[in-house]
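Before any comments, here is the structure.
Values in this text are rule-based calculations from the coordinates and carry no lab data. Note that the structure is predicted; figures quoted are calculated from it, not measured. We place every Cβ from the backbone using ideal geometry, glycine too, and count neighbours over all the protein chains shown.
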Amino acid sequence: MHSIPCCKRRGCYNAHVIKTFSATFLIVSVLFVLVLPLFAHAFPFGGAIGTIVPCYNNAIYASLGPPRGGPYIWTPATRTYQFGPPRHSGQWLLGLASAPYYCVVSIFPVIVWPGTHIDMMGSSQ
């Protein structure tokens, strides 16, 4: 009795296709996971500053009121237009924010306030 080569046996083709498909799917999945963080998803925000606090980590915490309020954090990486970074309560901010960020309010005891990083913004005087 002699052995039949793989290409003549039944199911060998299917095994080859499944291996090729699995390898391709794995490569595409890994590339997708690695490239996904390169796409930024920002959302609009805006409102008057109620509370403004300078942070030890070279940032500025601003708590905004309506219409799109919440805790937002300005950093030197923020693209800032005309009137500069947030400066005082009552100032209006409008822009795009995206990722969670933090503000170190106190070093001892350590107090950290969470917020959303401001990607780009404009402000009133």
Quick count over the stretch 52-82, residues being under 19 Å from M120 (Cβ atoms) and surrounded by fewer than 15 Cβ atoms within 10 Å (Cβ to Cβ), is 8
Residue check: is P44 under 17 Å from the mean Cα position of the chain (by Cα), in a strand (DSSP E or B), in contact (Cβ under 8 Å) with a residue 24 or more places away in the chain and loosely packed, with under 12 Cβ neighbours inside 10 Å? yes
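Taking the residues in the stretch 93-116 that are under 15 Å from the mean Cα position of the chain (by Cα) and within 21 Å of P66 (Cβ to Cβ) as candidates, determine which candidate is surrounded by the most Cβ atoms within 10 Å (Cβ to Cβ).
Only one residue fits best here, namely A97.
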With the first residue restricted to the stretch 106-122 and required to be without any contact (Cβ under 8 Å) to a residue 60 or more places away in the chain, and the second required to be surrounded by fewer than 17 Cβ atoms within 10 Å (Cβ to Cβ) and small (G, A, S), Cβ contacts under 7 Å at 6 or more apart or on different chains are H117/S98; H117/A99
